[in-house]
Amino acid sequence: MATVTHEAHAIGISGSRSVETANDHELIAAIRDGDEAAFQEIVRRYRNPITNFVYRMIDDYERAVELSQETFIRVYTSASRYQANYSFSTYIYRIASNLAISELRRRKRRKLVSLFSPFTNDEGEAIEIDPPDTNPLQDESLIENERRTAVARAIKSLPEKYRAAIVLRDVEGLSYDRIAQVLSLSEGTVKSRINRARNLLKEKLSAYI
Amino acid sequence: MIGCNQVKRFIDQADNPALLPFEASSHLDACRSCKQFARERASLREMLASTDRVSAPVNFDAMLRARLAERASTRRAAWLTPAFYARFGAAAAVLVVAIMAAQTGGLFTRTQLEASRDQGKNGENAARGAAPAPLSLEGNNTARAGRSNAGAPDVPATVRRGPSVQAIQASYNRSGPRSIRTGAHDLSAEASRGLNAQDGAVVLVRGKDGEREVPMPTVSVGAQSLLYQTAGRPVVSNIRASF
């Protein structure tokens, strides 16, 4: 996308600031007034983090891009209803999180069975049988590659309620209180879910830790 | 002195694991289990944080603009969809059924009670001789009550209880296509033929060329405005009686 250098008055911001230096709330206010440049700036700031987050949630890049775009469409169409109670990043992560969880549930209804998770636990959730490869590896890059693949697969095998929390915390680096706002949970519940997610991941990735 | 569980909770929930409370750090130096736990957690965090981050594709913005345009055009054409036509048809059908039900139920016709009440009033007026007519549109073109009509004391001067539709049709057949008659109109003759004066109305229109009485079937809708014309000027008067 072309760099946006519109002057501040174009987005209703006083002074000589451009959209690049405007904060998220100012940009949303400008989007509400129909400023396309402000929307482009919001997209530029958040397209990569949102795409990465959704991808880590659903492990499907093409679909992650579609859901990421849907997130921005919802931001654009509901800009008039946006209330600045929380930070904008919390707001947009919340939309993306809801879309990703809906996608996971939709897939669950379709009963998609992965070749890597043909078994389920007592709660009916998929359990991944992924024994670590104990053969000696010959190349450092291969080791790193397999480690990343194993991490991605381990995250994918987590139940959705743990997955959202651990991705937001350890992949996206959000604080506990912001995760609580994104997921509409108490901070204690978020901490508990992250702890359980880490314990599950530790079991799955024990060969790499 | 804090226990292992509390230290592990500190380690797990710390925003920055390197910045633990002094008591937790002291405990770590002495407890191998907690030290192992801290090492595993740090390794796990590092592993998760170092996963490859995917980026949006280069055509992300173009795709987004296309989808936004598509969404906007879909919204604009929403009224052209079959669903809209189905809703519109259903609403029209409901409206037609409601009108038919109201008509069948007699909402638009005079009730027997109203008819008998009006007959009673007319009888009282006739008994009083020169009883005041409900209203009159003569003279200065304003509605004025208290004027009598010598020709037909039981009928107002300008808004009169006229003959029924059947009587008007019969009169039309007798006199030919002159439904608008000029000059004075003698309703008493029709009344004498057994016509019910409450079944219709006669509107008197006065102008430069004299007056005209226009008999017409009416429906009872309560008080309503009457538009008449005098000297080329349309005048609206609110008649406070149903006819």
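The values are calculated or read from the model by the stated rules, or taken from the named source; none is laboratory data. Since this is a predicted model, take the numbers as computed values, not measurements. Glycine gets a Cβ as well: all are built from the backbone with ideal geometry, and neighbour counts include every protein chain shown.
Within region B:38-75, if we keep just the residues that are at the interface with chain A (Cβ under 9 Å from one of its Cβ atoms) and assigned to a loop (DSSP other than H, G, I, E, B), the residue that is surrounded by the most Cβ atoms within 10 Å (Cβ to Cβ) turns out to be B:Ala56.
Summed over region A:159-183, residues that are facing chain B (nearest Cβ under 9 Å) and touching a residue at least 60 places away in the same chain (Cβ under 8 Å) total 2.
Out of curiosity, is B:Ala102 within 22 Å of A:Ser192 (Cβ to Cβ), more than 14 Å from chain A (Cβ to nearest Cβ) and modelled with pLDDT of 80 or more?
no
Would it be correct to say that A:Thr71 is within 14 Å of chain B (Cβ to nearest Cβ), at pLDDT 65 or above and exposed (fewer than 15 other Cβ atoms within 10 Å of the Cβ)? No: the conditions fail for A:Thr71.
Of the residues making up region A:184-209, just one is under 11 Å from A:Tyr162 (Cα atoms), away from every other protein chain (no Cβ under 11 Å) and not hydroxyl-bearing (Ser, Thr, Tyr), namely A:Arg193.
The residues in region B:1-30 that are in a helix (DSSP H, G or I), within 14 Å of another protein chain (Cβ to nearest Cβ) and of a type in the set (A, V, I, L, M) can be counted, and the count is 2. Flag not set for B:Asp52, criterion: among the charged types (D, E, K, R) and at pLDDT 90 or above. I'm trying to understand the selection: among the residues of region A:15-70, which are small (Gly, Ala, Ser) and either touching a Lys or Arg at 6+ places or on another chain (Cβ under 6 Å) or not in a helix (DSSP H, G or I) (or both)? Matches in region A:15-70: A:Gly15, A:Ser16, A:Ser18, A:Ala22, A:Gly34.
Against the list (1) surrounded by fewer than 20 Cβ atoms within 10 Å (Cβ to Cβ); (2) in contact (Cβ under 8 Å) with a residue 24 or more places away in the chain; (3) under 15 Å from the mean Cα position of the chain (by Cα), the condition A:Ser206 fails is (3).
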